[in-house]
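First comes the structure, then the notes that go with it.
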Amino acid sequence: MRLSQFHLRTTKETPADAEIASHRLMLRAGLVRKLAAGIYTWSPLGLRVLRKVEAIVREEMDAAGAIELLMPSVQPRELWEETGRWDKFGGQLLKLQDRKESWYCVGPTHEEVITDLARHELASYKQLPVTFYQIQTKFRDEIRPRFGVMRAREFLMKDAYSFHLDDAGLDLEYRNMHAAYTRIFTRLGLKFRAVQADSGAIGGDASQEFHVLADSGEDAIAFSTGSDYAANVETARAAAPAPRPTPAEDMRSVATPVQKTCEDVAALLGVPLARTAKSIAAMTDEGFVLALVRGDHEVNEIKLAKVEGMAGYRMATEAEIAAHLGCEPGFLGPVGMRAPARVIADREVAAMADFIVGANRPGEHLAGVNWGRDLPEPDAVADIRNVVDGDPAEDGGQLRIVRGIEVGHVFQLGRKYADAMRCTVLDENGREAVPAMGCYGIGVSRVVAAAIEQNHDEAGIVWPEPMAPWRVAVCVINPKQNPAVIEAAEALYRELQAAGIETALDDRGLRPGPMFADMELIGIPHRVVVSERGLSTGTFEYRARSAAAAENLDRSALFARLA
Ligand code: ATP
Ligand code: MG
Ligand code: MG
Ligand code: MG
């Protein structure tokens with residue numbers, strides 16, 4: 001590519017609203033441009049990178065035996081009613097109406113559509129097992145889109161869905177996909193870890209996440225130095241002893257009168273305040289989380305947060321709380337944003353319990369209980385915090401906590417969707433059987449941001465080679481004044497291209513300083529400078545993006561280096 005004929009738009013300014021390195025660098029390098037909150041245009045440069053990721057994902061999915069198709073992003077409400085997710089999915093589901101006033105959503109995921117396809121297309125066990133995949137735009141109305149394409153509302157996902165006659169078949173494909181994911185992230189040149197995960201809102205049995213390791217990651221992952229154990233911290237917590245149900249007092253009696261103190265709640269729960277409990281139950285259908293909080297101002301308040309998927313929360317209004325508790329608005333006393341934010345902003349905690357009663361003394365103590373169900377038995381209320389770095393692990397090793405960015409997720413869905421949507425095939429005996437399903441996602445666009453988060457320096461992006469927009473930049477010094485230099489650069493460019501090495505020829509006529517700065521910012525792995533001085537000694541100045549200094553190489557040494 002001749003850069004004089006390409007659209008490259010870099011900026012020096014650091015965008016004020018970009019909090020993390022990848023977001024800043026993606027904007028500065030001109031990979032993406034924001035159109036609206038969480039909605040981005042991929043520039044020609046950004047698209048080259050996105051396509052690289054996509055190609056590797058596609059190659060490995062094909063190699064793993066998955067079959068590509070493409071499903072629509074606009075999906076009819078009726079399908080989502082069948083699985084109950086039209087209401088349950090929460091605020092992330094963008095709903096819209098057509099001119100006939102029929103409702104649709106913009107697909108945040110495709111279990112409904114693929115299961116609909118399967119029930120029409122799959123008739124016999126002979127068609128199983130089968131895995132379909134697509135690389136397609138998703139829309140999730142994230143409560144807090146941020147970090148650019150990292151947590152966007154519109155983003156590119158590879159999603160795959162598998163169908164099996166039995167659980168053993170599902171298990172086999174789950175492992176196959178796990179192996180394919182390992183190859184994908186290895187080929188992309190990323191440092192990553194697969195961890196046990198909570199299957200969250202999508203629901204199901206076995207589930208693992210793939211995390212790119214980076215300090216700015218939104219997720220905390222725990223692993224043990226003593227074994228292969230690795231888990232999302234949500235799951236690591238859940239692995240601790242679960243509270244046993246007892247026929248104790250109904251939580252309503254705890255929560256309804258607002259004047260209960262933290263000590264009262266603790267007494268009712270039968271736990272000392274210095275102890276922490278948690279519930280591993282899923283969220284309620286309504287997705288509410290309750291927090292009874294002692295605020296900074298010694299006010300006891302009841303807080304109810306509406307959990308929107310796994311991604312966030314919003315404070316419930318007083319009316320919603322009252323309606324939920326079945327009492328008059330006003331009965332509850334003050335409902336403000338003050339103190340509880342810290343308690344229920346913890347989405348990991350919020351996602352674990354139906355309701356969380358928080359005795360919020362300097363952040364230490366939370367007791368989770370299931371609303372409307374039995375209270376945990378005091379003995380079973382384990383004395384566990386949030387797992388912390390350095391904790392002893394059960395296997396004798398130490399727990400390490402690192403931050404990660406979730407770039408992939410594999411689930412065993414079981415028969416949840418096939419059952420709900422009456423998807424069946426005929427088995428060997430001619431009887432109707434409900435197939436078991438798996439689903440497997442990769443955040444293709446998030447991978448680009450995650451890669452930058454892990455690979456950058458002060459000068460800009462340092463792409464892992466397989467993701468770089470071009471492998472080599474040929475920089476021409478003073479092309480206008482020097483026909484011989486531009487000729488030599490053109491010849492080198494043609495040769496590199498012919499050798500199958502993707503090359504950008506920087507023939508824009510920029511001064512060396514800004515030209516080199518651009519090539520460093522956009523992260524081209526290898527830079528070759530063609531100058532009058534080099535030509536006179538028969539050498540090119542070569543520098544790897546990650547190397548400290550440049551060196552002068554003759555043609556054959558240069559090609560050897562780039563081979
Ligand atoms: P997160 O926990 O980050 O919200 P998720 O668990 O909701 O992600 P999945 O339903 O597992 O996401 O979707 C599969 C993949 O899609 C994720 O592993 C992630 O890489 C990507 N993804 C999910 N939400 C977003 C988003 N808002 N922006 C970009 N990529 C996303
Ligand atoms: Mg999410
Ligand atoms: Mg997640
Ligand atoms: Mg996930």
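The values are calculated or read from the model by the stated rules, or taken from the named source; none is laboratory data. In this text, all values refer to a predicted model and were calculated from it rather than measured experimentally. Using ideal geometry, Cβ is built from the backbone for each residue, glycine included, and neighbour counts are taken over all protein chains shown.
Just to check your reading of the model, which residue among T115, T109 is assigned to a loop (DSSP other than H, G, I, E, B), among the hydroxyl-bearing types (S, T, Y) and over 20 Å from V49 (Cα atoms)? Answer to the check: T109. Is there a residue in the range 489-499 that is in a helix (DSSP H, G or I) and either under 22 Å from G189 (Cβ atoms) or within 32 Å of the chain's Cα centre (by Cα) (or both)? Checked against the condition, which is being in a helix (DSSP H, G or I) and either under 22 Å from G189 (Cβ atoms) or within 32 Å of the chain's Cα centre (by Cα) (or both), the range 489-499 yields at least one hit.
Checking A473 against (1) small (G, A, S); (2) over 27 Å from D554 (Cα atoms); (3) in a strand (DSSP E or B), only one condition comes out false. Which one? For A473, the failing item is (2).
Taking L156 as meeting all but one of (1) buried (at least 21 other Cβ atoms within 10 Å of the Cβ); (2) closer than 30 Å to V434 by Cα; (3) of a type outside the set (V, I, T), write down the number of the exception. Status for L156: all satisfied but (2).
Is it the case that A63 is more than 16 Å from ligand 4 (Cβ to nearest atom), over 21 Å from the mean Cα position of the chain (by Cα) and modelled with pLDDT of 95 or more? Here the answer is yes, as A63 does meet what is asked. Would you mention how many residues in the range 104-136 are within 16 Å of ligand 2 (Cβ to nearest atom) and of a type in the set (V, I, T)? So the count comes out to 2. Among the strands (runs of 3 or more DSSP E) confined to the range 150-233, the ones with at least 2 residues that are over 14 Å from the mean Cα position of the chain (by Cα) and either among the aromatic types (F, W, Y) or near ligand 1 (Cβ under 9 Å from one of its atoms) (or both) are located at 154-164.
Picking from residues in the range 121-149 that are assigned to a helix (DSSP H, G or I) and not aliphatic (A, V, I, L, M), the one that is surrounded by the fewest Cβ atoms within 10 Å (Cβ to Cβ) is K126. Of the residues making up the range 72-90, just one is of a type in the set (G, A, S), away from ligand 4 (no atom under 16 Å from the Cβ) and under 24 Å from R144 (Cα atoms), namely S73. Say we look at the range 107-120 and pick out the residues that are without any contact (Cβ under 8 Å) to a residue 40 or more places away in the chain and surrounded by 12 or more Cβ atoms within 10 Å (Cβ to Cβ); which of these is nearest to V410 (Cα to Cα)? This residue is P108. Any idea which residue in the range 91-106 is nearest to ligand 4 (Cβ to nearest atom), counting only those that are part of a loop (DSSP other than H, G, I, E, B) and without any contact (Cβ under 8 Å) to a residue 24 or more places away in the chain? The qualifying residue nearest to ligand 4 (Cβ to nearest atom) is D98. Of these, V447, V407, V402, which one is away from ligand 4 (no atom under 16 Å from the Cβ), within 18 Å of the chain's Cα centre (by Cα) and not in a loop (DSSP other than H, G, I, E, B)? Just a single option satisfies the conditions, and that option is V402.
To keep it simple, each residue is scored yes or no on (1) among the hydrophobic types (A, V, I, L, M, F, W, C); (2) closer than 22 Å to A160 by Cα; (3) crowded, with 20+ Cβ neighbours inside 10 Å; (4) over 22 Å from the mean Cα position of the chain (by Cα).
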residue	(1), (2), (3), (4)
F6	yes, no, no, yes
E13	no, no, no, yes
L25	yes, no, yes, no
V32	yes, no, yes, no
A36	yes, no, no, no
P76	no, yes, no, yes
G90	no, no, yes, no
L96	yes, no, no, yes
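With respect to L69, is the statement that it is exposed (fewer than 14 other Cβ atoms within 10 Å of the Cβ) and touching a residue at least 24 places away in the same chain (Cβ under 8 Å) true? Taking the combined requirement at face value, the residue satisfies it.
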